[in-house]
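Visitor: I am attaching a structure below and will ask some questions about it afterwards.
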Amino acid sequence: MRTALITGATRGIGRAIADVLSPDHRLLIGGRDAARCADVAAGYPDALPWPVDLDDADAVAHAVAGIDQLDVLVHSAGIAEGTTVAETDSATWTRVLHTNVVAVAHLTRLLLPALRASGGLVVCINSGASMRPSPGSAAYAASKAALTSFADALREEKRGRVRVCSVHPGRVDTDMQVALQTRKGREYDPDEHLRPESVAAAVRTAVTASPEANIDSLMIRPARG
């Protein structure tokens, strides 16, 4: 049985990815809330909770101990904070960049031996904002652009040993998106957004690609809006 570790797996896109990978993967359900991770893991035939604060480097190092082989690492956890450049303070920039980029790089580095052992795949759930920032999303868009560069560099460094895919969804119907639109004073229409299941299907495509193929990047946009 192949093993997949999914961060941010207790809701939204991460939970949808867990759903599509569960039939043929042993899952590690990542999240901050230990009870929630346990509840979600209990709903799958072969899953374990993997609760950890990804911003705590020491806690992450402890959590990965014992993982000596890993087939899929999905980075789905992330935050969207800040508004315009003029209104976003340095603490917010630091927090967003750390969670969305530094924590991703740290976890990946620690798991590279396990990924190399299986010729594994790293999937970074990115955002269309990395390529087309909108007003009021400076810190989030910048963090996702940095995440794109991180994935591109990792892919070239580990080509032939570890595969790397960036997935760039447009607006997705998640709690994060509701909060973003509310903060911008916009009316929210779920029908103008992608479903998390659509993003998960794209991840499944990357996971099931034949071994000699690497899907470098996937962009998915809502049909409406």
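Visitor: In debye, nearest 20, what is the charge dipole magnitude of segment 65-141 about its Cα centre with +1 on Lys and Arg Cβ and -1 on Asp and Glu Cβ, if you could check? Working shown, then result.
Guide: Working: 4 positive and 5 negative charges, 35 e Å.
So the dipole magnitude of segment 65-141 works out to roughly 160 debye.
Visitor: In the chain, if the dipole is taken from +1 on Lys/Arg beta carbons and -1 on Asp/Glu beta carbons about the Cα centre, which of 167, 114, 210 is farthest to the positive end?
Guide: It is 210, whose Cα lies furthest towards the positive end.
Visitor: Could I ask something else about it? Full-extension gain between residue 216 and residue 90, please, as 0.36 nm times their residue separation minus the C-alpha to C-alpha distance. The partial results should precede the final answer.
Guide: Values: separation 126, 0.36 × 126 = 45.36 nm, distance 3.23 nm.
Once the chain is fully extended between residue 216 and residue 90, it gains 42.1 nm.
Visitor: Taking H placed 1.01 Å from N in the peptide plane, check which residues at least 5 places from residue 29 or on another chain put their amide H under 5 Å from its amide H.
Guide: Those lying under 5 Å, H to H, from residue 29 are 48, 50.
Visitor: Counting each DSSP H run of 4 or more residues in the chain as -39500 (n - 2.57), what helix-only mean residue ellipticity at 222 nm follows after dividing by all residues, to the nearest 500 deg cm²/dmol? Display every interim value, and only then the final one.
Guide: Working: 8 runs with 91 residues, N = 225.
When only DSSP H runs of four or more count, the value is -12500 deg cm²/dmol.
Visitor: Can you compute 3J(HN,Hα) from phi for each residue in segment 45-52, using the Karplus curve 6.51 cos²θ - 1.76 cosθ + 1.60 with θ = phi - 60°, rounded to whole Hz and x for Gly and Pro?
Guide: Karplus values, whole Hz, x for Gly and Pro: x, 8, 8, 10, x, 9, x, 6.
Visitor: Moving on to the next point. So, in Å, what gap is there between the alpha-carbon centers of segment 120-147 and segment 75-89?
Guide: 10
Visitor: In degrees from 0 to 90, rounded to the nearest 10, what is the angle of the helix 12-21 Cα long axis to the longest principal axis of the chain?
Guide: The helix 12-21 is inclined about 30 degrees to the chain.
Visitor: Also: Quick check: from the Cα gyration tensor, does segment 29-112 come out rounded (a/c under 1.5), prolate or oblate? Each step should come with its number before you reach the end.
Guide: Working: a/c = 2.57, a/b = 1.73, b/c = 1.49.
Since a/c reaches 1.5 and a/b is larger than b/c, the shape of segment 29-112 is classed as prolate.
Visitor: Dipole size in debye (nearest 20) for the chain around its Cα centre, Lys and Arg Cβ +1, Asp and Glu Cβ -1?
Guide: Values: 24 positive and 26 negative charges, 92 e Å.
That gives a dipole near 440 debye.
Visitor: For helix 196-207, report the angle its Cα long axis makes with the longest principal axis of the Cα atoms of the chain; keep it between 0 and 90° and round to the nearest 10°.
Guide: Its long axis makes an angle of about 40 degrees.
Visitor: Rounded to two decimals, what ratio of Rg to Rh does the chain give with C-alpha atoms and a Kirkwood Rh? Before the final figure, lay out each step's value.
Guide: Working: Rg = 16.7 Å, Rh = 17.6 Å.
Taking Rh as the inverse mean 1/r over Cα pairs, Rg/Rh reads 0.95.
Visitor: To the nearest 10 degrees, how steep is helix 103-118 against the longest Cα principal axis of the chain, on a 0 to 90 scale?
Guide: 30
Throughout, read-outs are computed from the coordinates displayed, never taken from laboratory work. It should be emphasised that the depicted structure is a prediction, and the values quoted were computed from it without experimental measurement. Please note: Cβ atoms are built from the backbone with ideal geometry, for glycine as well, and neighbour counts cover all protein chains shown.
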